[in-house]
1. Only one of 49, 68 is out of contact with any strand residue (DSSP E or B) (no Cβ under 6 Å at 6 or more places or on another chain), at pLDDT 95 or above, assigned to a helix (DSSP H, G or I) and buried (at least 16 other Cβ atoms within 10 Å of the Cβ). Can you tell me which?
2. Select, from 20, 30, 63, 26, the only residue that is out of contact with any strand residue (DSSP E or B) (no Cβ under 7 Å at 6 or more places or on another chain) and under 17 Å from residue 122 (Cβ atoms).
3. Going by the conditions given, is residue 58 touching a helix residue (DSSP H, G or I) at 6+ places or on another chain (Cβ under 9 Å), under 28 Å from residue 105 (Cβ atoms) and at pLDDT 95 or above?
4. Residues in region 27-39 that are over 14 Å from the mean Cα position of the chain (by Cα), in a helix (DSSP H, G or I) and either exposed (fewer than 14 other Cβ atoms within 10 Å of the Cβ) or touching a residue at least 24 places away in the same chain (Cβ under 8 Å) (or both): how many?
């Protein structure tokens, strides 16, 4: 139960920051620099958010340093994130799953996929003694 709670918290922290940064990206950065550049500019900020959110979550909820527990937190959060991404993004934009992937920029989309992996494994690497 602790892993589920920690995964939900980790997801919520990163999702909230992503919502704020995504809003800034869409309304202020994309018009000046384009979609690809804007997404790539947001990536380092989200990386910092991921590190701090993972660290704060595992420390606050005293997640054991065991690999299974930490990866459980990360992959639980990843599942929540993918559900939110596909449910909200697809419904709001009226896209099918195929259209969603077809419309992704190959460079920014690849970086996003890598960041999803980083997001999933980060709890394993933070707050170790």
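The values are calculated or read from the model by the stated rules, or taken from the named source; none is laboratory data. Owing to the predicted nature of the structure, the values given are computational and were not obtained by experimental measurement. Note: ideal-geometry Cβ built from the backbone for every residue, glycine included; neighbour counts use all protein chains shown.
1. On the way: 68 fails: buried (at least 16 other Cβ atoms within 10 Å of the Cβ).
After ruling out the rest, the residue left standing is 49.
2. Sole residue among the options that is out of contact with any strand residue (DSSP E or B) (no Cβ under 7 Å at 6 or more places or on another chain) and under 17 Å from residue 122 (Cβ atoms): 63.
3. Working: touching a helix residue (DSSP H, G or I) at 6+ places or on another chain (Cβ under 9 Å): yes; under 28 Å from residue 105 (Cβ atoms): no; at pLDDT 95 or above: yes.
No; evaluated as a whole, the condition is false for this residue.
4. 6
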